[in-house]
1. Does any residue of the range 24-45 turn out to be surrounded by 12 or more Cβ atoms within 10 Å (Cβ to Cβ), at pLDDT below 85 and on the phi > 0 side of the Ramachandran plot?
2. Check the range 51-65 and report whether any residue there is acidic (D, E) and over 30 Å from P142 (Cβ atoms).
3. What pairs can you find where one residue is in the range 81-101 and surrounded by 14 or more Cβ atoms within 10 Å (Cβ to Cβ), the other is of a type in the set (D, E) and at pLDDT below 90, and their Cβ atoms are less than 9 Å apart, with a gap of 6+ or different chains?
4. Could you tell me whether G136 is of a type in the set (G, A, S) and either part of a helix (DSSP H, G or I) or surrounded by fewer than 16 Cβ atoms within 10 Å (Cβ to Cβ) (or both)?
5. Which of the residues spanning the range 1-10 are in contact (Cβ under 8 Å) with a residue 60 or more places away in the chain and either touching a strand residue (DSSP E or B) at 6+ places or on another chain (Cβ under 9 Å) or surrounded by 15 or more Cβ atoms within 10 Å (Cβ to Cβ) (or both)?
6. So the check is Cβ under 6 Å with 6+ separation or different chains; which pairs have a first residue in the range 113-138 that's at negative phi and a second one that's β-branched (V, I, T) and exposed (fewer than 11 other Cβ atoms within 10 Å of the Cβ)?
7. Among the residues of the range 112-130, count how many are surrounded by fewer than 16 Cβ atoms within 10 Å (Cβ to Cβ) and either touching a Ser or Thr at 6+ places or on another chain (Cβ under 9 Å) or assigned to a helix (DSSP H, G or I) (or both).
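The values are calculated or read from the model by the stated rules, or taken from the named source; none is laboratory data. It should be emphasised that the depicted structure is a prediction, and the values quoted were computed from it without experimental measurement. When we count neighbours, we look across all protein chains shown, and the Cβ atoms used for this are built from the backbone with ideal geometry, even at glycine.
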Amino acid sequence: MNRNERRAAIFFMVLSIAVIYYSLTKLSLGSVQEPGPGFFPFVCGAGIFLLCIIWFAMNPKVDQCAEPLWKKGVWVAPVIAMVLIVFYTFGLEFLGYCTSTFLFLIAWQFGIVREKWLKTGLIAVIGTTVMYLLFGYLLNIPVPQGLLI
């Protein structure tokens, strides 16, 4: 375990403790048969805490960090992904599900994956259609109406 991994484990341990504390003090846990609003956050926080303990136990020694945490230019794709997800979220309300999903898939394939236009278009059309059929018809989940549907 290098120093960055150790720092990440400590960060997630502190975060999980905060989630556990919040779910115990501010939310109602309920019971297993009738869980309250704090039950799921408590279970998730406890699970993350347990995984961090296991991570520490499996890697007790601290190795020297041989390379930097972020290589040059590696951070660009995650930032683009976060921006695209934020725009997609806001676009759902204004453009509707089909239009915003289509535009999101095109932007994702072109901006992050760097696919050619033909493959990008096919993925966007097929992906939008399949997801709309899955959520809108098979699962009967109401999707935001927009320009197309």
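1. Yes, because at least one residue in the range 24-45 is surrounded by 12 or more Cβ atoms within 10 Å (Cβ to Cβ), at pLDDT below 85 and on the phi > 0 side of the Ramachandran plot.
2. Applying the first criterion (acidic (D, E)) to the range 51-65 yields 63.
Subset that is over 30 Å from P142 (Cβ atoms): 63.
Looking through the range 51-65, at least one residue is acidic (D, E) and over 30 Å from P142 (Cβ atoms).
3. If the second residue must be of a type in the set (D, E) and at pLDDT below 90, the pairs left are S100/E93.
4. Working: of a type in the set (G, A, S): yes; either part of a helix (DSSP H, G or I) or surrounded by fewer than 16 Cβ atoms within 10 Å (Cβ to Cβ) (or both): yes.
Taking the combined requirement at face value, the residue satisfies it.
5. Initially, the range 1-10 is screened for residues in contact (Cβ under 8 Å) with a residue 60 or more places away in the chain, giving 1-4.
M1, N2, R3 - these are the residues of the range 1-10 that are in contact (Cβ under 8 Å) with a residue 60 or more places away in the chain and either touching a strand residue (DSSP E or B) at 6+ places or on another chain (Cβ under 9 Å) or surrounded by 15 or more Cβ atoms within 10 Å (Cβ to Cβ) (or both).
6. Every condition considered, the pairs that remain are F135/I141.
7. Final tally of qualifying residues: 10.
For every residue, the table says whether it meets (1) in a helix (DSSP H, G or I); (2) without any contact (Cβ under 8 Å) to a residue 24 or more places away in the chain; (3) among the charged types (D, E, K, R).
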position: F12; (1), (2), (3): yes, no, no
position: S16; (1), (2), (3): yes, no, no
position: V19; (1), (2), (3): yes, no, no
position: L27; (1), (2), (3): no, yes, no
position: Q33; (1), (2), (3): no, yes, no
position: V43; (1), (2), (3): yes, yes, no
position: F49; (1), (2), (3): yes, no, no
position: I54; (1), (2), (3): yes, yes, no
